[in-house]
Amino acid sequence: MILQDTIYAVSTAPGKSAISVVRVSGKKAYESVKKISKSMPKKPNHSKLNKIIEKNGDTIDQTITTFYKSPKSYTGEDMVEISFHGGSAVLSKFIGMFEKNKDVRQAKPGEFTRRAFENNKLDLTQVEAVADLVNAETENQRKEAFNQLEGSSSLGLKKIHEKTKNLLAEAEAIIDFSDEDLPKNVYNQILEQIENIITEIDSAVSKNIRSRKIHNGYIVGIIGKTNTGKSSFINKISNQDVSIVTSQPGTTRDVLESYIDIQGLPVRFYDTAGIRRSKSTIENIGISKSKKLAENSDLNLIFIEKKSDLLRFKSYKNKIFVQSKHDIRRTLNKNKDIISISSKTGFGIKNLLKIISKKLIKMSFKEFGHISRERHMRFLSDSKKHLLRAKENKNYDKFCEDIRLALNEISKIYGKTDVEDILEIIFNDFCIGK
């Protein structure tokens, strides 16, 4: 349901800045701002130097005011953007005056973008892309979000959606025009199209690894025996004391996380309890967590003390062997499979991070995938289930219904059908004014 009331919000982050932007959207947006303006722009999609004034004629601030006429605006409604000077006193004065206006109310989180969705300015994947752009912390996250906003990232899904729509039209044509001269092999052609769509769904799902990793972050486990330099390493690359470092073995008893941007890749490093035999119940719980993390990590840094440790950790997957404390050893390990570093002096750290980056990129797909959210995966999976059921169904009415249900599921990715239950979840993640 499209909301009718006029909303406003400060769209820039709080704090001192060069400018602060206030957005107003809705039927009464223009008139509401005009009442407190000295030189309101008259032409749509034009900006003008404009003084915002109080009832007594005192000027609050000299602004750049822009008027967007529906439907050519972000929300698809009449919209006004006011660029104030960024002092908190200026904004406080304006809001204190503007909130007395009964024709407008303060926007809820994500309400501007929700209106853009409800006015068909954005589909639901693009709405998610806006949220991802706002929250992007690395270069690759920015690229992935922007590709999705532009539609290129989800192009494969849109093709599947269109093919499923066409498939349903052809299937229903057999019912609606059963007395017409339809080709005898139409049913077989529809079955072949179903198989092709299922293959494309499987392909889209298989290509989602990189997108999901870019969105959620790669997981790198820091594994090894006690006192091999694991905690010192995570502290060094984090530039803070994430883990306790002492000469006493077993001080790390839980999994500790540190998020780092490595050449545009979001990487989550996890320091773990040293793997050894222990009589401590608490430490054994930590060791169990270490082993479980190693099984689920994209990459494991295995910190070793001596060459014989290579055999002990041979069964661990996706591993890089690391020997720390080069500042004490003073000699490079001749084994090419072992990377020497020093968390104290920084020796070898940059080289290790480069190796990590290359391995993470290599194990993922080179191109950006089509899917970055579990929601998309779920709807694709459900769509495939209905298509598989259609292939087995001998009753033609039920056959068409299965295809219709498949289309409904994939349509939910774009917010075309029955999405009210997921809208609140998505828009609650937004900040005020976006």
_Per-pair calculated FRET efficiency, R0 = 45 Å: Lys72 and Ile361 via Cβ, rounded to 0.05_ = 0.65
*Say each of Gln62 and Met377 gets a label point 7 Å from the Cα, pointing the same way as Cα to Cβ; how far apart are those two points in nm?*
5.5
*Provide the gained length on full extension for the span Lys51 to Asn395, in nm with one decimal, where the gain is 0.36 nm per separating residue minus the Cα-Cα distance.*
116.8 nm
_Between Lys158 and Met97, what is the label-point separation in nm under the 7 Å Cα-to-beta-carbon projection?_
4.4
_Simple Cβ-charge dipole of the range 6-107, Lys/Arg +1 and Asp/Glu -1, about Cα centre, in debye nearest 20_ = 260
_Can you give me the long-range amide H partners of Ser37? Hydrogens built in the peptide plane at 1.01 Å from N, cutoff under 5 Å, separation of 5 or more residues or another chain._
Ile53
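The numbers here are math on the coordinates, done by the rules we state, and not lab data. None of the values given here were measured: they were computed from a predicted structure. Because the Cβ atoms are built from the backbone with ideal geometry, glycine has one as well, and the counts that use them run over all protein chains shown.
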